[in-house]
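J.: Next up is a structure, given as structure tokens.
Quick note: the coordinates plus some simple rules give every number you see, no bench work behind them. Since this is a predicted model, take the numbers as computed values, not measurements. As a convention, Cβ positions derive from the backbone with ideal geometry for all residues, glycine included, and neighbour counts pool all protein chains shown.
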Amino acid sequence: MKRLRSLLITWEALLVVLLLISIGVGATRSPYFLSGFNFYALTSNIMEIAIMALPMTLIIIAGEIDLSVASTLGLTSVVLGLLWSRGYPMWLAIGVALLIGIVAGCLNGFLVTKLALPSLVVTIGTLALYRGLAYVVLGDQAVSSFPSAFTNFGFGTIGSSEIPWSGLIFAILLILFVVVLHFSRLGRQLYAIGNNKEAARFSGINVSRVKLLLFILSGGIAALAGVIFTARFSSARPDNAVGFELVVVTVVLLGGVNIFGGRGSLLGVALAIFIVAILQNVLGLLNISGDIQSLAIGLLLILSVLGPNVARRIQVVITRRRLVAGSS
Amino acid sequence: MKMTTTSHEVESAKQRNHMGLARLPGLVSRVRELGLLAVLFFIILVVSVQAPRFLSIDNFVQILLSVAIIAIVAVGETLVVLTRNVDLSVGSMVGITAFVTAYFFQQIPNTNILVGILLGCVLGLALGSINGLIVSLGRVPAIVATLGTLYVYRGLLFVIGSNTTTQVNASDVPPGYLALATTQILGIPALILIAAVIAIIAAYFLHASKSGRQLYAVGSNPAAADMIGIRRNRLVFAAFAASGLLAGLAGVLWGARFATVGATAATGLELQVIAAVVVGGVNIFGGSGTILGAVLGAIVLGTLQNALNILNISQFWLQASYGAAIIGAVVLDAIITRWVQRTILARRKKV
Amino acid sequence: MAKPADPIIELRGIAKQFGGVQALRGVDIRLFPGEVQALVGENGAGKSTLVKILAGIHKPDAGVMKMGGELVELRSPTQAQALGIAVVYQEPMLFPDLNIAENIFMGRHPRDRFGRVNWKRMYREVDQLLESLDVALSSRTPVQGLSVAEQQMVEIAKALSLQARVLVLDEPTAALSSHEVEELFAIVKQLRERGVAILFVSHRLEEVFRIADRVTVFRDGTHIITAPISEINTEEMIKHMVGRELSRLFPKGEAEIGEVALEVRHLTRAGVFADVNFQLRRGEILGFAGLVGAGRTEVARVLFGIDRAEGGEIWLKGKKVRIRSPQEAMDYGIAYVPEDRHLQGLVMNFSIATNITLPILQKVSRLGLVDPRKEQKIAAEHSRQLSIRSTGVEQLVNALSGGNQQKVVLSKWLATNPSVLILDEPTRGIDVGAKAEVHRIISDLAARGLAIILISSELPEVLAMADQVLVLHEGRVTGAFARSEATQERVMFAATGQDR
């Protein structure tokens, strides 16, 4: 078992190396890469994904998945825009948007826990449903005039630093999530559920309630990401953040979280977030379009699961050979 | 034999079986297809009362035309889902083959149409085989693998597009290619006929071939399939390869039908396809479902789309309805399964 | 019955070890055409291991297998099938979505000259097959929805269509009603007429006497006796089955018997167990004896709030309670050490400390945060009390031996400070030394005033430890003995459903 733990450590060490390499590549490929403004651009660009990756990490560790996060983001974004354009105060619009995110998460959680449906199928369905509802709400229109306080929050920075406000939100959330996952009772229960649902149940853990909570959390956080996204682009459109679920899942798996649950850390995920951010940024600086960038992200997703699988199989073959050699 | 089991006992066993629910699941699957037909007629009835022009032959042909390509892809998806997997990359595969085929015809307009069709099919087959390899050999869960390739294939398409042309227009390709979508045979559009032929071939394969039956076995109980020596990996690979092949063919037809093909062609198609398959009663956990069901599922969704159109209801409801259809179908399946299990359990307890 | 000279299958010196446990220690068995040979023995005697070896699932560590006089080696289930060995399990392995005919012919469908599946022929053949077995089912019936008995019939029909010469029935009647047993026996007799060699593995001695021509008894992985059924009676058979060593066990020490801690009245869960009554006092150990599937674990699951009872009452310390979840059970002071350590007891890649504190996270947390120092302290205390051998409480449990793992599970539940402790097979799969240690711990706990339910399939263990013994058979209490009255024979008689 020690081997496995050291494997995890190497995975995170690998991520650090990967991070340094990507910074190196970025710095040599583009003179703008190391500029303060580029740091701002790079960070603010990934923050919605980074924030959504936090509850996704918890969900995947507990052995489930939520593919509907980007659609929830889109839905809450247009609800926010619609309410504002209809003259409601901003605080109310944001409040309703967050509430809708929570309701969306609730529906996912209800279907997964009460009806015992696989989260994979449920959230593919709600991926389509929530995105569809976003189109129903706003059609092909967009709301793009928001109050300056709101948009300043979207693309302004904290004081004279190069840190976007969303970066601050992420930092606070990251600390909260690290505390919850790695130091709290709930976090311990999550790992137990992901490792062995039956043993968790026999230990008096209410598995359904914990999972329901996770999906609600995921929906609420996706709504928060929706608010940030809307403010950053000063635009509420039904196709906001289409396909972001891919990036979110990718950073979590690349961060070393096991797709079957039970293993992973937020340290790895945080590293992966910055690796992906730099990757996107460098590709962007090299004038490679977003659609082609997702090719790289897709590859990264497959490799982050395929890689360890292949490594493990090679390891098995090697040990078997050694055993055979030893016994003969 | 007769010495111990009295005819009375056999009789009572027979009776139990008739009264009992032994045939129920079979019934349920048939109920699904009949139910879909009922839903279809209900839609037709309601809509044609509101808008009589819905009820024209012309309109039905329109519906079938819009369904044909999705149905072809849904056939491939059915093969994959039967094995307890899923292929999310079909939309990207259709897009890439559509673009590549159209571009090929644009560059070499004088080639035989068949060469282009073959090119698209081979490309689809190759992409599907990659999916199959990642899932069967690489042991990557199908959802992760094909979510990844969904974006990889789409990204590839953008790479190709950025190196060639952003869009192939109808005027750039030989009319022979476009004719694939417009030709009529005996008054029926070729597109519909092609889809029908493919559905029939696939249904026949599933019904009458050894491998077809083994696909059901693999999805129904993988452990039991291993026990009797079925080569599970090989079948899963083949299902993904077939899904790719059919997506490739669908891409060729897509290019012919829409004539103008850009890098975003067929984006999001996977949701329609999965909705059709799930609504058509193919069990998302594998092991049960029919091609007829999947095709009926596609037709129901296509009719719904057409009805929205005719009733002047915003097309923006469409995607939401796909999502609702997926959720509704799995919820319904779960409830029915629970009910069946409970009745079976109750029956056992009584015995 | 005239016995031809040559056996169809002959096994010699078959041995198999799992981890540190020797399941089979060199057994011999021979099956002749046209005979029903019963294989009996207590739980853990090695019967299922032998069945799995015959099925090609396990490979024996030692020994030879001959079929028709020729040496064979079973490398896979498919190979066993090809050699004509068919195994029908208690829970058949079928394809629920497919119909009976396909389940029988999957992978070898009859085909026409174009290679197409010949459904007509398949249905016809299967219908004939089912009819020849007097099974009133249609070949087109989907398997999903068949009862276990009907599924077994499908497996038997499949064996016949494979021209199996050896048919192994592994506890086939465990989940069957008496009526269904009759139907099964009729078919077994018919197969015997056809010259099939049948190995009938069963707990139910009265059935063995009804159906078998010869009987073989296993005990502790060794072959004890094979005798014609006419030359042996129930008493002798039970004597061969039990008679295990008692010397290494640690009998229960003195404990003060206190007030009633738990009382169960008419507890019933439909189709699982019915009308279970008992009283358990502090300091007392109540042994649950019975064969696998008798309903002992099922009673425990209800007491721990995992399943619900449909009838009856549970009284704790004189108060009637309703237990709806494990959490509630724990709040009432009930702890349950489940039978499957790996699946239910432990999170294998958690450390000793995190496993021990899993049910009491509340106790080691402050404001929802786990206090690592407190956690370590509590874990270290319990670890020391049960002398868990490890490099420290941070060690992962999957690096521990079976006995130490079991001690971690025990610690985990003792940490909840229970008043009623249910132990389900607490010594299964651990070595002799660790067993004695676990027995000493159980005895100490009783002396400390805990009320203990001990579920065990090892009779000597129950007899050495328990103050009273409750015997279950097919979900009903068939015997209740005080310590002084309980003997191996008496308990075994009750456990096998014999009337005395």
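J.: At B:Val61 and B:Leu34, where each label point lies 7 Å from the Cα along Cα→Cβ, what is the point-to-point distance in nanometres?
T.: Between B:Val61 and B:Leu34, the simple spin-label model gives 3.4 nm.
J.: Further, regarding this structure: When C:Thr222, C:Thr391, A:Thr43 are ordered from fewest to most other Cβ atoms inside 10 Å of their Cβ, what list results?
T.: Neighbour counts put them in this order, fewest first: C:Thr391, C:Thr222, A:Thr43.
J.: Next question. If eta is 1.002 mPa s and T is 20 °C, what Stokes-Einstein diffusion coefficient results for the protein assembly as shown, Kirkwood Rh from Cα pairs, in µm²/s?
T.: It comes out at roughly 64 µm²/s.
J.: Where does the stretch C:128-208 land on Rg/Rh, using Cα atoms and the Kirkwood Rh?
T.: Looking at the stretch C:128-208, the ratio lands at 0.93.
J.: Is the shape of the stretch A:174-328 best called rounded, prolate or oblate, per the rule: a/c under 1.5 gives rounded, else a/b larger than b/c gives prolate, else oblate, with a ≥ b ≥ c the square roots of the Cα gyration tensor eigenvalues?
T.: On the way: a/c = 2.75, a/b = 1.23, b/c = 2.23.
Note, shape of the stretch A:174-328 comes out oblate.
J.: Let me make sure I get this right: for the stretch C:291-405, a, b and c are the square roots of the gyration tensor eigenvalues over alpha carbons, sorted descending. Under 1.5 in a/c it's rounded, otherwise prolate if a/b > b/c, else oblate. Which is it?
T.: Oblate.
J.: Within 10 Å of each Cβ in peptide C:128-136, how many partner chain Cβ atoms are there on average? Round it to a whole number, please.
T.: Neighbouring Cβ atoms belonging to other protein chains average 3 per residue here.
J.: Which peptide among B:84-91, C:73-80 comes first, and what is the full order, when sorted by highest mean count of other Cβ atoms within 10 Å?
T.: B:84-91, C:73-80
J.: If R₀ is 30 angstrom, what is the calculated FRET efficiency for the pair B:Thr264 and B:Ile310, using the beta carbon separation as r and rounding to 0.05?
T.: 0.65
J.: Also: Between C:Ser132 and C:Gln385, what FRET efficiency comes out of the Förster formula 1/(1 + (r/R0)^6) with R0 = 51 Å and r the beta carbon distance, rounded to 0.05? All intermediate terms of the calculation are to be shown ahead of the outcome.
T.: Working: r = 64 Å, r/R0 = 1.25.
Computed FRET efficiency for C:Gln385 and C:Ser132: 0.20.
J.: Would you mind getting the Kirkwood hydrodynamic radius of the stretch B:56-141 from its Cα pairs, rounded to one decimal in Å?
T.: 14.9 Å
J.: Over chain A, calculate the relative contact order: mean separation of alpha carbon pairs under 8 Å at least 6 apart, over the residue count, as a percent.
T.: Relative contact order here is 32 percent.
J.: Relative to the longest principal Cα axis of chain A, at what angle does helix A:207-233 sit, 0 to 90 degrees, rounded to 10?
T.: That helix lies at roughly 50 degrees to the long axis.
J.: At a temperature of 25 °C and a viscosity of 0.890 mPa s, determine how fast the stretch C:1-96 diffuses translationally according to Stokes-Einstein, using the Kirkwood radius over alpha-carbon pairs as Rh; express D in µm²/s, rounded to the nearest whole number.
T.: Values: Rh = 14.3 Å.
In µm²/s, the coefficient rounds to 171.
J.: So, one more: Order of B:322-335, C:293-306 by packing, highest average Cβ count within 10 Å first?
T.: Result, highest mean first: C:293-306, B:322-335.
J.: Could you work out the relative contact order of chain C, using alpha carbon pairs under 8 angstrom and six or more residues apart, expressed as a whole percent?
T.: 16 percent
J.: Let me ask something else about it. Can you tell me what percent of all Cα-Cα pairs in the stretch C:69-146 are more than 22 Å apart?
T.: Above the 22 Å cut-off, the stretch C:69-146 has 35 percent of its Cα pairs.
J.: Report the local net charge at A:Ser145: Lys and Arg +1, Asp and Glu -1, summed over other residues whose C-beta lies under 14 Å from its C-beta.
T.: For residues surrounding A:Ser145, the net value is +2.
J.: Let me ask something additional. Once the other residues with Cβ under 9 Å from the Cβ of A:Phe215 are scored (Lys, Arg +1; Asp, Glu -1), what is the net sum?
T.: Charge balance in the 9 Å sphere: -1.
J.: Pairs of Cα atoms under 8 Å, at least six residues apart: use those to get the relative contact order of chain B, whole percent. It would help to have the intermediate numbers written out before the result.
T.: Details: 518 pairs, mean separation 113.0, N = 351.
Once divided by the residue count of chain B, the mean separation gives 32 percent.
J.: Please give the helix B:232-258 orientation as an angle from the longest Cα principal axis of chain B, in degrees from 0 to 90, rounded to the nearest 10.
T.: With rounding to tens, the tilt is 40 degrees.
J.: Another one. What nm value, rounded to one decimal, do you get for the distance between A:Arg321 and C:Arg322 when each label is placed 7 Å out toward the C-beta?
T.: If labels sit at A:Arg321 and C:Arg322, their model points lie 6.4 nm apart.
J.: Cut-off 12 Å, label point 7 angstrom out along Cα-to-Cβ of C:Glu259: give me the residues of the stretch C:311-339 whose amide nitrogen falls inside.
T.: Within reach of a label on C:Glu259, which here means backbone N under 12 Å from a point 7 Å along Cα→Cβ, the stretch C:311-339 contributes C:316-319.
J.: So if I average 1/r over every pair of distinct C-alpha atoms in chain B and take the inverse, what Kirkwood radius in Å does that give?
T.: 21.7 Å
J.: With only alpha-carbon pairs counted, each pair once and no self-pairs, how large is the Kirkwood hydrodynamic radius of the stretch A:23-115 in angstroms?
T.: 16.0 Å
J.: For A:Asn152 and B:Ile160, what is the calculated FRET efficiency with R₀ set at 30 Å and r taken between the beta-carbons, to the nearest 0.05?
T.: On the way: r = 41 Å, r/R0 = 1.37.
Efficiency computed from Cβ-Cβ geometry: 0.15.
J.: Give me the inter-chain shielding for B:131-143: mean count of other chain Cβ atoms within 10 Å, whole number please.
T.: 4
J.: Classify the stretch B:34-180 as rounded, prolate or oblate from the Cα gyration tensor: take a ≥ b ≥ c as the square roots of its eigenvalues, call it rounded if a/c is under 1.5, otherwise prolate when a/b beats b/c and oblate if not. Provide the component values of the computation, followed by the final result.
T.: Details: a/c = 2.46, a/b = 1.22, b/c = 2.02.
Oblate.
J.: Given just the C-alpha atoms of the stretch B:152-209, how large is their convex hull per residue in cubic angstrom?
T.: Values: hull volume 7.6 nm³, N = 58.
In the stretch B:152-209, the Cα convex hull volume per residue is 132 Å³.
J.: Continuing with the same structure: Under 15 Å from a label point 7 Å along Cα→Cβ of B:Asn233: give me every residue in the stretch B:207-222 with its amide N that close.
T.: none
J.: Also, I was wondering about something else. With 10 angstrom as the radius, rank C:Tyr332, B:Tyr204 by how many other C-beta atoms surround their C-beta, starting from the fewest.
T.: If I rank by nearby Cβ atoms, fewest first, I get B:Tyr204, C:Tyr332.
J.: A follow-up question, please. Taking chymotrypsin sites (Phe, Trp or Tyr not before Pro) as exposed when DSSP calls them loop (any state but H, G, I, E, B) and at most 14 other Cβ atoms lie within 10 Å, what is the longest stretch of chain A free of them, the sites themselves excluded?
T.: A:33-259
J.: In debye, nearest 20, what is the charge dipole magnitude of the protein assembly as shown about its Cα centre with +1 on Lys and Arg Cβ and -1 on Asp and Glu Cβ, if you could check?
T.: Computed about the Cα centre, the dipole is about 860 debye.
J.: Mind putting a number on the dipole of the stretch C:1-125 about its Cα centre? Charges go on the C-beta only, +1 for Lys and Arg and -1 for Asp and Glu, and I need it in Debye to the nearest 20.
T.: 380 debye
J.: Counting only other chains, and only Cβ atoms inside 10 Å, what mean value do you get across the residues of C:90-102?
T.: Neighbouring Cβ atoms belonging to other protein chains average 5 per residue here.
J.: Assuming 0.890 mPa s and 25 °C, estimate D for chain C with Stokes-Einstein, Rh taken as the Kirkwood radius over Cα pairs, in µm²/s.
T.: D = 99 µm²/s.
J.: Could you check what % of the DSSP bridge pairs in the stretch C:397-500 are antiparallel, to the nearest 5?
T.: 55 percent
J.: Within the stretch B:53-68, which residues have the backbone N less than 19 Å from the label spot 7 Å out from B:Ala196 along Cα→beta-carbon, could you tell me?
T.: Answer for the stretch B:53-68: B:56-68.
J.: Choose one of C:Ala80, B:Asn59, B:Ala307: the residue whose Cα lies farthest towards the positive end of the charge dipole of the protein assembly as shown (beta-carbon charges +1 Lys, Arg; -1 Asp, Glu; about the Cα centre).
T.: C:Ala80
J.: Where does each of A:Arg131, C:Arg108 land when they are ranked from fewest to most other beta-carbon atoms within 10 angstrom?
T.: C:Arg108, A:Arg131
J.: Report, in listed order, any pair from A:Lys197/C:Lys320; B:Lys210/C:Lys59; A:Lys211/C:Lys412; C:Lys120/C:Lys189; A:Lys197/C:Lys412 with a Cα-Cα distance greater than 19 Å.
T.: Correct reply: A:Lys197/C:Lys320; B:Lys210/C:Lys59; A:Lys211/C:Lys412; C:Lys120/C:Lys189.
J.: May I ask for the equivalent-ellipsoid semi-axes of the stretch B:243-287, computed as the square root of five times each C-alpha gyration tensor eigenvalue and listed largest first in whole Å?
T.: Result for the stretch B:243-287: semi-axes of 25, 11, 8 Å.
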